[in-house]
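Remarks on the structure that follows.
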Amino acid sequence: MIPIVPAGTPPAATADNTQLWLKPGQIALPGSPPLSLYVHVPWCVRKCPYCDFNSHAVPGKDGSHDIPEEAYLDALRADLEQSLPLVWGRPVHTVFIGGGTPSLLSAAGMDRLLSDIRALLPLDADAEITMEANPGTFEAERFASYRASGVNRLSIGIQSFNDSHLQALGRIHGEREARAAIDIAQRSFDNVNLDLMYALPGQTMEQCRSDLEAALSYGTTHLSLYHLTLEPNTLFAKYPPALPDDDLAYEMQDLIEARTTEAGYRHYETSAYARPHREARHNLNYWRFGDYLGIGAGAHGKLSFPNRILRQMRHKHPATYMAQAMAGNAVQEAREVSADELPFEFMLNALRLTDGVPASSFHDMTGLRLHAISRPLAAAEKKGLLEADPTVIRPTELGRRFLNDLQEMFLKD
Ligand code: SF4
């Protein structure tokens with residue numbers, strides 16, 4: 001195990017650490033996995049009571065929601081510059097600007113961010129560039145500018161079209177703003193994802209159906225449909241609302257499965273549904289255990305070297321992150337993933353995919369021989385949780401339904 005890089009490491013140490021990561025290690029990767037870039041924007045108009053993301057409320061003054069945009073963009077550029085020795089020369093296939101609420105950035109701010117990324121990284125000509133946006137922060141002109149700057153996929157946090165559920169979720173928008181946001185998005189973007197949640201506090205089957213039909217009526221390329229869960233350290237965990245029981249939640253899931261299929265979407269990942277060839281390329285790279293550089297407050301990254309895989313985390317609080325990034329220390333923690341943690345980390349992601357992954361990608365992405373997981377693979381097959389096909393690692397329908405149990409079979413002893 002390589003020691004944690006202490007906070008306060010001087011800037012010059014970044015290059016030294018690169019040398020450290022290049023030393024012989026426990027694994028031998030045959031090549032570099034595809035590389036993506038994640039950029040975190042850590043502010044929201046208000047903190048939702050179910051949210052455990054690294055997002056911080058920016059109370060608006062006179063209706064505006066001022067974030068320290070210039071200073072944050074400076075920090076992101078400094079962070080990216082410090083990261084270059086770790087990804088030198090590797091093409092970047094996808095970019096995801098997430099949060100928080102990236103649509104709080106001005107049009108000029110987004111333009112500057114994408115210019116900085118293009119200037120510093122070899123971005124593919126057809127790179128997928130997604131940005132997250134929340135209703136209540138939409139103006140047609142600004143979204144047209146985002147598109148002109150190069151954002152080519154928009155992911156909108158709708159969550160529900162029902163005013164009382166939106167209120168219970170602490171969202172800043174109602175049905176009207178949700179619909180207006182989709183209209184504005186579809187004027188400039190042909191690749192749009194809608195995030196929706198189900199099993200909401202007090203939600204009935206009919207209300208779930210009505211949300212789903214509303215979402216389907218827009219014919220967007222992608223839908224992400226999440227079961228609301230109570231995450232630790234959230235307001236909902238402290239004061240839990242009454243949620244639909246498991247049976248009702250399963251019925252909702254079955255309805256979602258049936259209606260999305262009828263409407264031409266494919267359920268290709270636990271929570272993701274896409275029209276043909278419109279899967280989220282950025283997320284697919286995570287699930288296939290590809291690499292990603294994560295910049296911005298609290299962003300996580302995973303980077304591969306010939307003999308090791310590194311995980312990084314940036315300073316979490318925006319003010320600390322900005323100060324540390326400008327001082328050359330954006331990374332708070334970096335650690336090597338040990339060889340015996342890799343099988344679980346790989347399977348945790350791969351098993352979310354309906355099609356699974358080619359069996360050969362286990363070696364390509366972890367540098368370990370498939371033999372390292374032959375015992376749990378055989379046990380999962382025997383239980384009917386994995387397909388009995390030696391060329392792929394693919395969950396059965398039963399395996400998808402009991403995904404947690406299946407994933408846990410690959411935990412180290
Ligand atoms: S808008 Fe999204 S990121 Fe922001 S607090 Fe709500 S759930 Fe979290």
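Taking Ala178, is it without any contact (Cβ under 8 Å) to a residue 24 or more places away in the chain and on the phi < 0 side of the Ramachandran plot?
Values: without any contact (Cβ under 8 Å) to a residue 24 or more places away in the chain: no; on the phi < 0 side of the Ramachandran plot: yes.
So Ala178 does not fit the description; no.
Quick one: is Leu86 in contact with a Gly (Cβ under 7 Å, 6 or more places away or on another chain) and either assigned to a helix (DSSP H, G or I) or within 9 Å of the ligand (Cβ to nearest atom) (or both)? Working first, answer last.
Details: in contact with a Gly (Cβ under 7 Å, 6 or more places away or on another chain): no; either assigned to a helix (DSSP H, G or I) or within 9 Å of the ligand (Cβ to nearest atom) (or both): yes.
Judged against the criteria, Leu86 is not a match.
Of everything in the range 149-165 that's without any contact (Cβ under 8 Å) to a residue 40 or more places away in the chain and over 19 Å from Tyr218 (Cα atoms), which residue is surrounded by the most Cβ atoms within 10 Å (Cβ to Cβ)?
Only one residue tops the list, namely Gly150.
Answer yes if at least one residue in the range 237-252 is loosely packed, with under 15 Cβ neighbours inside 10 Å and under 30 Å from Val151 (Cα atoms), and no otherwise.
Checking the range 237-252: not a single residue is loosely packed, with under 15 Cβ neighbours inside 10 Å and under 30 Å from Val151 (Cα atoms).
Could you check Pro11 against (1) assigned to a loop (DSSP other than H, G, I, E, B); (2) surrounded by 19 or more Cβ atoms within 10 Å (Cβ to Cβ); (3) at pLDDT below 90 and say which number it fails?
Tallying (1) assigned to a loop (DSSP other than H, G, I, E, B); (2) surrounded by 19 or more Cβ atoms within 10 Å (Cβ to Cβ); (3) at pLDDT below 90, Pro11 fails exactly one: (2).
Does Ser36 fit the bill of being outside any loop (DSSP other than H, G, I, E, B), within 13 Å of the ligand (Cβ to nearest atom) and hydroxyl-bearing (Ser, Thr, Tyr)? Don't jump to the end; show me each part of the working.
Numbers: outside any loop (DSSP other than H, G, I, E, B): yes; within 13 Å of the ligand (Cβ to nearest atom): no; hydroxyl-bearing (Ser, Thr, Tyr): yes.
It is false that Ser36 is outside any loop (DSSP other than H, G, I, E, B), within 13 Å of the ligand (Cβ to nearest atom) and hydroxyl-bearing (Ser, Thr, Tyr).
Output the residues belonging to the range 101-120 that are assigned to a helix (DSSP H, G or I) and either of a type in the set (D, E, K, R) or under 19 Å from Ile172 (Cβ atoms) (or both). Talk me through it step by step, then tell me what you get.
Step one: of the range 101-120, the residues assigned to a helix (DSSP H, G or I) are 102-104, 107-120.
If the condition is that a residue be assigned to a helix (DSSP H, G or I) and either of a type in the set (D, E, K, R) or under 19 Å from Ile172 (Cβ atoms) (or both), then Pro102, Ser103, Leu104, Asp111, Arg112, Asp116, Arg118 are the ones that fit.
Part of a helix (DSSP H, G or I) and within 16 Å of the ligand (Cβ to nearest atom): does that describe Leu194?
On the way: part of a helix (DSSP H, G or I): no; within 16 Å of the ligand (Cβ to nearest atom): yes.
Judged against the criteria, Leu194 is not a match.
Is it the case that Phe96 is within 16 Å of the ligand (Cβ to nearest atom), assigned by TED's automatic domain parsing to the domain that holds Leu84, among the aromatic types (Phe, Trp, Tyr) and touching a residue at least 60 places away in the same chain (Cβ under 8 Å)? Outline the logic, then answer.
Values: within 16 Å of the ligand (Cβ to nearest atom): yes; assigned by TED's automatic domain parsing to the domain that holds Leu84: yes; among the aromatic types (Phe, Trp, Tyr): yes; touching a residue at least 60 places away in the same chain (Cβ under 8 Å): yes.
Against the criterion (within 16 Å of the ligand (Cβ to nearest atom), assigned by TED's automatic domain parsing to the domain that holds Leu84, among the aromatic types (Phe, Trp, Tyr) and touching a residue at least 60 places away in the same chain (Cβ under 8 Å)), Phe96 qualifies.
Answer yes or no: is there a residue in the range 139-148 that is in contact (Cβ under 8 Å) with a residue 12 or more places away in the chain and within 16 Å of the ligand (Cβ to nearest atom).
Within the range 139-148, none of the residues are in contact (Cβ under 8 Å) with a residue 12 or more places away in the chain and within 16 Å of the ligand (Cβ to nearest atom).
Working carefully through the options Tyr218, Tyr226, find the one that is at pLDDT 95 or above and over 19 Å from the mean Cα position of the chain (by Cα). Give the steps one after another, and end with the answer.
Numbers: Tyr226 fails: over 19 Å from the mean Cα position of the chain (by Cα).
One residue alone meets the criteria, Tyr218.
Any idea which of Ile172, Ile156 is within 23 Å of Ile129 (Cβ to Cβ) and either within 16 Å of the ligand (Cβ to nearest atom) or outside the structural domain of Cys44 (by TED's automatic domain parsing) (or both)?
Answer to the selection: Ile156.
When the range 28-64 is examined, which residues are found to be among the β-branched types (Val, Ile, Thr) and modelled with pLDDT of 95 or more?
Those that are among the β-branched types (Val, Ile, Thr) and modelled with pLDDT of 95 or more: Val39, Val41.
Please give the number of the condition Pro135 fails out of (1) at pLDDT 95 or above; (2) closer than 19 Å to Asn54 by Cβ; (3) within 16 Å of the ligand (Cβ to nearest atom).
(2)
Return yes or no: is Gln186 more than 16 Å from the ligand (Cβ to nearest atom) and in contact (Cβ under 8 Å) with a residue 40 or more places away in the chain? Reasoning before the result, please.
Numbers: more than 16 Å from the ligand (Cβ to nearest atom): yes; in contact (Cβ under 8 Å) with a residue 40 or more places away in the chain: no.
When the stated conditions are applied, Gln186 does not pass them.
Of the numbered conditions (1) in a helix (DSSP H, G or I); (2) surrounded by fewer than 18 Cβ atoms within 10 Å (Cβ to Cβ), Arg142 satisfies every one except a single condition; which is it?
(2)
Only one of these is over 30 Å from Pro395 (Cβ atoms) and of a type in the set (Asp, Glu): Glu345, Glu341, Glu333. Name it.
Glu333
The values are calculated or read from the model by the stated rules, or taken from the named source; none is laboratory data. Keep in mind it's a predicted model, so treat the numbers as computed, not measured. Positions of Cβ are generated from backbone atoms using ideal geometry, with glycine treated the same way; all protein chains shown enter the neighbour counts.
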